[in-house]
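Quick notes on the structure that follows.
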Amino acid sequence: MTIFFEMLSADHIHLRCPGNMGLLGALVQIFFPHKPKTAKYAGNWKPGARQPWSYRFQKWILSNTYLTKNMQVLVYGEWLNQTPNVKAFFTASYSEKDKVEIPKRKYDLPLRFLFVGSLSPGKQPVYALALVAELIKRGFPSELHVYGEGPEREKLNETAKELGMERQLFLHGNQPSEAVKEAYAKSHFLILPSKSEGWPKVVAEAMWWGVIPIATPVSCVPWMLDSGKRGVLLQVDLDSDVQKVQEHLLDKAKLKIMAAEAATWSRNYTLERFDAEIKKLL
């Protein structure tokens, strides 16, 4: 009842989904068809994606224009065959003032790979380590720099010992944003073999600095990478993934073009543009 009365007195209703409160809000907003509404779906909007039933239920309610009226639903990525109220949106990390010159990379050895995020099974940091280890075996001296903390930290250390990579793995832990910016500027590639994402901010941030993302095709990642033109899409099959990355490493001219296109795309999505788009919605 509290949600109902708050919506009754509101000029504009905004929901954040998926989540428990988002689910309740999505149900209650049905009783206010004439009020202007927005919803940010912060998870994976990809049609047919394997998700909990409550997530799928929220997506169904929000995109059902019979039940949900006068609402714009903001989702990550562009998807075919969506209802008219579903609108592609984005999240921003950097401002116009952050548009400094991108470091010129020669892609000389050793290569510097970066992992940024929680060290959790869902992000698969151990797979990132295995991929770099295999590239080293194939004659590409490399380092993996990891920024973040989580339950997989010990497993990373153990795997590094098994693979003989103690000197090539650098665990930096949680660091402030300025330190992460410096890490992007020094790196060649970002690896994110994640099982699930909404808007993967680290991919967009890496692209901003001309770092080429190597990521799984979850959520809107294929859209962000233009189906592989602005980065490398993983299959999470070590042999095929290493082979694909190796092919890219042998073409430095293509890598430079890919990095430039990644930065150009990412630098479209600034905090200033984000604020302007929010004002349009309201």
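The values are calculated or read from the model by the stated rules, or taken from the named source; none is laboratory data. Model, not experiment: these values are computed from the prediction. All Cβ positions, even for glycine, are placed from backbone atoms using ideal geometry, and neighbour counts span all protein chains on display. Calculation scope for accessible area: heavy atoms of the full protein, side chains included, ligands and nucleic acids excluded. Shrake-Rupley method; radii C 1.70, N 1.55, O 1.52, S 1.80 Å.
So here's what we get for this one:
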| read-out | value |
| --- | --- |
| Over the chain, relative contact order from alpha-carbon pairs under 8 Å, at least 6 apart, % | 17 percent |
| Heavy-atom accessible area order for His34, His12, largest first, 1.4 Å probe | His34, His12 |
| Full-stretch length increase - Glu182, Phe4 - with 0.36 nm per residue and alpha-carbon distance subtracted | 59.4 nm |
| Gained length - Asp11 relative to Ile257, 0.36 nm times residue gap less alpha-carbon distance | 83.8 nm |
| Solvent-accessible heavy-atom area per residue, rounded to whole Å², over region 202-277 at 1.4 Å | 39 Å² |
| Relative contact order, percent, region 6-148 [alpha-carbon distance under 8 Å, six or more residues apart] | 17 percent |
| Spin-label pair Leu80/Asn268, simplified geometry with 7 Å Cα→Cβ offset, distance in nm | 2.0 nm |
| Span from the region 78-127 Cα centroid across to the region 218-282 one, whole angstrom | 7 Å |
| Cubic angstrom per residue, convex hull over Cα atoms of region 23-133 | 183 Å³ |
| Order of exposure, largest accessible area first, which applies to Ile102, Ile13 with probe 1.4 Å | Ile102, Ile13 |
| Per-residue SASA entry for Asp11, accessible area with 1.4 Å probe, Å² rounded to 10 | 130 Å² |
| Residue-count net charge about Thr68 - beta-carbon cut-off 13 Å; Lys, Arg +1, Asp, Glu -1 | +4 |
| Cα→Cβ-extended label distance, 7 Å offset, between Leu238 and His172, nm | 2.6 nm |
| Value of Rg to Rh for region 177-229 (Rh from inverse mean 1/r over Cα pairs, i.e. Kirkwood) | 0.96 |
| Contour excess over end-to-end distance, with Cα ends at Leu24 and Ser227 and 0.36 nm allotted per residue | 69.5 nm |
| Accessible carbon and sulfur surface of the chain relative to its total accessible area, %, 1.4 Å | 55 percent |
| 3J(HN,Hα) from dihedral phi, region 221-227, Karplus parametrisation 6.51/-1.76/1.60, rounded to Hz, x for glycine, proline | 4, x, 5, 4, 8, 6, 6 |
| Structure-derived percent of Cα pairs over 33 Å apart: which label, when the choices are [x] 33; [y] 23; [z] 29 | [z] |
| Simple label model, 7 Å out from Cα along Cβ direction - Asp98 to Asp275, nm | 1.4 nm |
| Backbone N under 12 Å from the Lys87 label point (7 Å along Cα→Cβ), restricted to region 20-45 | 37-40 |
